[in-house]
Number of protein chains: 2
Amino acid sequence: MNEVINLLQARSSVRKFTDQEIAQDILEELIKCGQAAATSSFIQACTVIQVEDKNKRNQLVDLTGGQPYVASAARFLVFCADMNRHKLVCEMHNSKMESGYAEQFITATVDVALFAQNVMTAAQSLGLAGVYIGGIRNNIAEVSELLELPTLVYPVFGMCLGYPAQDPETKPRLPLSVVLKTDRYQDDNDSKTISEYDKQVREYYRSRTGGTKETSWSEQISDMLVKEARPHMKTYLKDRGFILK
Amino acid sequence: MNEVINLLQARSSVRKFTDQEIAQDILEELIKCGQAAATSSFIQACTVIQVEDKNKRNQLVDLTGGQPYVASAARFLVFCADMNRHKLVCEMHNSKMESGYAEQFITATVDVALFAQNVMTAAQSLGLAGVYIGGIRNNIAEVSELLELPTLVYPVFGMCLGYPAQDPETKPRLPLSVVLKTDRYQDDNDSKTISEYDKQVREYYRSRTGGTKETSWSEQISDMLVKEARPHMKTYLKDRGFILK
């Protein structure tokens with residue numbers, strides 16, 4: 001339809017990068033794109049830590065579950081939900097901030113994601129590519145310590161950015177009828193549609209791995225969701241003041 | 001730097017629209033842009049309800065706190081975090097999904113926000129504009145009933161989209177040094193920087209309202225955060241299976 005739409009629809013996660021660096025002025029332009037995203041009630045709850053220290057980068061490879069591109073990408077950014085700034089601002093006006101409730105957790109988390117997705121899109125528009133690192137939550141307490149995050153700041157995800165050295169095929173998405181509904185939620189046909197989609201995903205993995213990986217979307221999901229992921233998160237969020245104890 | 005970056009940086013929330021409609025094939029193209037966003041462990045946890053029914057639209061005006069553009073915009077979309085689909089998929093494989101824990105709540109919510117921000121950017125690229133409606137959470141139980149959302153589906157926010165009939169000035173954002181840190185979190189100079197920024201925000205409101213509104217960022221934030229917003233959210237999320245009771 002237009003170049004922006006082509007850019008968005010052609011996205012895939014890139015984990016291999018050339019040695020080319022990303023200049024600081026470019027990085028700052030990307031961050032300004034993030035800041036320009038909508039922010040709930042103007043809270044501006046996103047803080048980004050750019051990790052330049054090689055030693056910290058290497059530690060983050062381990063802490064995110066052994067993802068080497070966390071060290072090798074030109075840039076590694078940690079996107080944090082930050083309500084510490086608001087606590088500070090309340091103190092400036094001698095008022096006491098209420099914190100630790102679900103609504104604030106949602107607005108801060110959403111703020112971060114809208115911000116980050118603008119950074120990703122802006123990066124892509126400059127020929128850069130990257131990948132989100134949810135693995136930042138694998139050892140979230142250690143990551144928080146490493147980056148000296150205060151209470152009321154939590155790392156939502158990381159992002160590797162660099163000039164791409166691979167061009168992965170885009171992964172097929174769920175059929176539109178499953179994700180877009182009119183006027184009300186109804187999932188009467190979704191099982192059938194997902195079974196059809198499963199074949200497509202199986203074929204995608206088969207062709208991408210030369211036949212060594214064969215799984216469908218529903219198999220992958222059901223295998224993954226039978227156990228709780230990152231069970232430490234609730235305790236961590238309580239410790240950091242994001243959820244009431 | 002380029003047109004995409006200009007587009008992202010020039011964004012502002014638009015609440016007045018012309019009568020021009022948005023064709024369904026365009027809307028579907030936008031949704032596909034949303035789907036192309038990264039999704040944590042391929043969970044694809046976003047479902048969008050496009051609300052076309054006039055009666056429901058009018059009810060949503062009231063339920064979101066009296067925002068008339070929820071009815072008047074060409075399109076109104078409700079972006080939902082959806083783990084019901086995954087429950088269904090687990091049932092297809094005779095397995096039982098673990099749900100109600102913090103990590104899953106984060107991944108589903110982030111998925112929705114990344115998806116939605118792509119929709120917003122794609123819309124902008126076609127000359128459309130819009131506004132996020134966090135007010136969908138004002139009366140979230142009633143909204144969920146109106147849209148027949150099952151357990152494990154929660155509306156994160158709404159979005160009005162249309163052809164713009166206004167071109168609001170962009171709202172000044174926090175200085176870069178407050179939101180971008182290197183290697184570690186440190187906020188030693190933030191109070192001072194925010195005080196400077198406060199003057200800029202005060203001037204923005206003064207010029208936009210012809211002097212009738214005069215407030216700074218820190219005043220606005222501290223006035224807002226002294227009380228808990230949407231205190232019903234925690235109970236709602238428990239009732240819907242998103243947080244363990």
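The values are calculated or read from the model by the stated rules, or taken from the named source; none is laboratory data. Predicted model, so just to flag it, every value in this text is computed and none were measured. In this analysis, Cβ positions are derived from the backbone assuming ideal geometry, glycine residues included, and neighbour counts consider all displayed protein chains. Protein only, heavy atoms only, side chains kept; ligands, DNA and RNA dropped before computing areas. Shrake-Rupley method; radii C 1.70, N 1.55, O 1.52, S 1.80 Å.
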For segment B:1-33, give me the residue count where each residue is in contact with a Phe, Trp or Tyr (Cβ under 9 Å, 6 or more places away or on another chain), of a type outside the set (D, E, K, R) and more than 8 Å from chain A (Cβ to nearest Cβ). 5
Residue ranges of strands (runs of 3 or more DSSP E) in segment A:117-230 with at least 2 members at pLDDT 95 or above and within 24 Å of the chain's Cα centre (by Cα): A:129-133, A:153-162
Out of all the residues in segment B:186-194, is one or more buried (at least 16 other Cβ atoms within 10 Å of the Cβ), of a type outside the set (Gly, Ala, Ser), at the interface with chain A (Cβ under 7 Å from one of its Cβ atoms) and in contact with an Asp or Glu (Cβ under 8 Å, 6 or more places away or on another chain)? no
From B:108, B:81, B:45, B:113, residue being under 26 Å from residue A:201 (Cβ atoms), open to solvent by less than 10 Å² (accessible area, probe 1.4 Å) and either in contact with a Pro (Cβ under 9 Å, 6 or more places away or on another chain) or modelled with pLDDT under 95 (or both): B:81
With the condition kept exactly as written, say whether any residue in segment A:52-62 is assigned to a loop (DSSP other than H, G, I, E, B), open to solvent by less than 30 Å² (accessible area, probe 1.4 Å), more than 24 Å from residue B:41 (Cα to Cα) and facing another protein chain (nearest Cβ under 8 Å). no
Residues of segment B:157-179 satisfying the condition of being more than 26 Å from residue B:23 (Cβ to Cβ) and open to solvent by less than 50 Å² (accessible area, probe 1.4 Å): B:172, B:173, B:174, B:175, B:176, B:178, B:179
Among (1) among the charged types (D, E, K, R); (2) at pLDDT below 95; (3) closer than 18 Å to residue B:172 by Cβ, there is one condition residue A:98 misses while meeting the rest; what is its number? (3)
Residue count, segment A:18-39 (criterion: part of a loop (DSSP other than H, G, I, E, B) and within 19 Å of residue A:129 (Cβ to Cβ)): 6
Give the residues of segment A:218-239 that are open to solvent by less than 60 Å² (accessible area, probe 1.4 Å) and more than 7 Å from every other protein chain (Cβ to nearest Cβ), sorted by residue number. A:236
Inter-residue pairs, beta-carbon under 6 Å, first in contact (Cβ under 8 Å) with a residue 60 or more places away in the chain and in segment B:69-97, second open to solvent by 20 Å² or more (accessible area, probe 1.4 Å) and among the acidic types (Asp, Glu), 6+ apart: B:74/B:21
What number of residues in segment B:64-108 are within 21 Å of residue A:190 (Cα to Cα) and either at the interface with chain A (Cβ under 7 Å from one of its Cβ atoms) or part of a helix (DSSP H, G or I) (or both)? 15
